[in-house]
Amino acid sequence: MVLCKKWILAKPFEGQVKKDNFKLEEEEISDKLNDGEFLCEAVFLTVDPYMRTRELGAKVGVAMGGEQIAKVIASKNANHPVGSLTRMRSGWRTHTLVKEADKEVIRMPDLGDLSPSLVLGIMGMPGMTAYFGFLEICKPKAGEVVLVNGAAGAVGSLVGQIAKIKGCTVIGFAGDDAKCKWIKEDLGFDHVYNYKKIDIDVALKEAAPDGVDCYFDNVGGEFTSKAIMHMKLFGRMSICGSISAYNSTAPPMGPLPYMIILGKQLKVEGFIVMRWFQKWAEGEKEMKTWIKEGKIKYRETVTEGFDNMPKAFMGLFSGSNVGKAIIKV
Ligand SMILES: NC(=O)c1ccc[n+]([C@@H]2O[C@H](COP(=O)([O-])OP(=O)(O)OC[C@H]3O[C@@H](n4cnc5c(N)ncnc54)[C@H](OP(=O)(O)O)[C@@H]3O)[C@@H](O)[C@H]2O)c1
């Protein structure tokens with residue numbers, strides 16, 4: 001028997017996420033394996049903003065959903081020997097009995113000597129979100145002006161750097177001076193602003209007097225209502241997330257200057273990164289090359305200890321992470 005710890009959703013989310021939304025439970029998992037089965041222990045887990053949503057998070061009484069990187073500790077599956085690493089969507093739990101590897105295991109990217117934790121960040125879902133969500137929807141061209149918010153987060157910090165690689169001028173907004181310093185001085189963003197301290201209109205008039213060609217939106221809400229006014233004719237908006245609204249108790253209804261979309265003939269497209277899942281290997285390869293060439297940098301905010309998962313998750317909404325939020329067991 002193996003004793004597994006798991007974080008279940010104890011109370012439905014309502015407004016800000018709180019400690020008492022979660023409960024730590026234990027579950028006994030048999031270590032008597034049938035052919036083809038293997039048992040894993042979590043090494044790295046992730047907390048992501050999407051887990052706040054009812055559809056994608058968890059139902060009350062059920063373990064919170066999400067990916068993890070786990071080490072095989074017992075195996076009757078030759079493709080997954082003891083000691084090997086796997087990526088799974090098995091949720092906030094320390095141990096997982098994999099019965100049907102074909103269905104439960106997600107292909108690992110070719111990492112070389114990179115840390116496996118990056119499979120939950122730049123080399124995984126958030127990295128592919130930046131890569132495909134930005135390049136496929138905004139289709140940036142050299143010389144264009146790119147705006148990204150959530151700019152020091154897992155996705156936003158990569159979008160800005162990809163835009164620089166493509167020869168664009170990059171404007172980034174983040175909610176903390178130290179984050180702004182990082183994206184400007186280390187990542188090479190051209191203009192950075194702390195949205196908690198400045199007027200977004202004033203900042204955009206200064207940084208993009210002729211307007212914005214591409215807007216990668218992680219935040220939504222009031223920020224977007226303002227930013228949209230600064231789009232250029234035929235601008236492109238990639239709607240990635242709306243974190244400013246995830247803790248709202250009512251659906252966000254605007255204000256949205258809708259006529260601007262018409263008048264400026266904007267392309268506004270939402271996406272879910274799984275749309276490009278079949279092409280992820282292409283994005284992973286390019287990301288790895290850019291990392292090796294020093295063209296893309298990344299940061300992880302690592303929370304030690306499985307018991308601290310809710311704290312790390314709540315931190316996403318107060319901005320306590322720089323780059324990707326990771327949990328190390
Ligand atoms: N469409 C897709 O397929 C897809 C896939 C992955 C992620 N996403 C979305 O992409 C966005 C970024 O995700 P991520 O994983 O990279 O998270 P992240 O940016 O690493 O972490 C969340 C950050 O959001 C900022 N934030 C929190 N509350 C905010 C508010 N009210 N207003 C403005 N900023 C706020 C905080 O940074 P500050 O300190 O700067 O405030 C926080 O650090 C999220 O909206 C997420 O849902 C979408």
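Where a number appears in this text, it was derived from the coordinates with a stated rule and is not lab data. It should be emphasised that the depicted structure is a prediction, and the values quoted were computed from it without experimental measurement. Positions of Cβ are generated from backbone atoms using ideal geometry, with glycine treated the same way; all protein chains shown enter the neighbour counts.
Quick notes
- Percentage relative contact order, the chain, counting C-alpha pairs under 8 Å, at least six apart: 17 percent
- The Rg/Rh ratio of the chain, with both radii computed over alpha carbons and Rh defined as the Kirkwood radius, is 0.99.
- Dipole of the chain, positive direction: furthest Cα of ILE122, SER238, LEU256, with charges on the beta-carbon: LEU256
- Nearest-ten-degree value, helix 156-165 long axis tilted from longest Cα axis of the chain: 60 degrees
- Efficiency of FRET from Cβ geometry, ASP110 and LEU262, R₀ 41 Å, rounded to 0.05: 0.35
- Cα-Cα pairs of segment 62-117 separated by more than 13 Å (percent): 61 percent
- Candidates VAL155, VAL212, VAL62, ranked by Gaussian network fluctuation over the chain, Cα under 10 Å, top entry: VAL62
- Residues considered: ALA245, ALA154, ALA207. Largest GNM mean-square fluctuation over the chain, using C-alpha springs under 10 Å, is found at ALA245.
- All C-alpha to C-alpha distances of segment 193-283, sorted into 5 Å bins beginning at zero, yield P(r) values of 3, 12, 20, 23, 18, 12, 8, 3, 0 percent in whole numbers.
- Choice from GLY156, GLY66, GLY305 with maximal GNM fluctuation in the chain (Cα, 10 Å cutoff): GLY305
- Exposure proxy ranking, count of Cβ atoms within 10 Å, fewest first, for MET123, MET108, MET1: MET1, MET108, MET123
- Within the same chain, aspartates and glutamates fewer than 8 places from LYS103 are excluded, and of the rest, those with a Cα less than 19 Å from its Cα are ASP35, GLU37, GLU41, GLU67.
- Kirkwood-based shape ratio for segment 1-160, expressed as Rg/Rh from alpha carbons: 1.03
- The Cα atoms of segment 1-70 define a convex hull whose projected area, averaged across directions, is 5.5 nm².
- In plain terms, the residue of MET274, MET51 with the fewest other Cβ atoms within 10 Å comes first and the most crowded comes last, giving MET274, MET51.
- Note on CYS180, CYS214: ascending count of other Cβ atoms within 10 Å places them as CYS180, CYS214, the fewest first.
- Pairs from LYS181/LYS285; LYS5/LYS76; LYS141/LYS267; LYS164/LYS197; LYS76/LYS279; LYS179/LYS232 whose Cα-Cα separation, in the structure shown, is over 20 Å: LYS181/LYS285; LYS5/LYS76; LYS164/LYS197; LYS76/LYS279; LYS179/LYS232
- Calculated on alpha-carbon atoms, Rg and Dmax of segment 107-237 in Å: 14.6, 46
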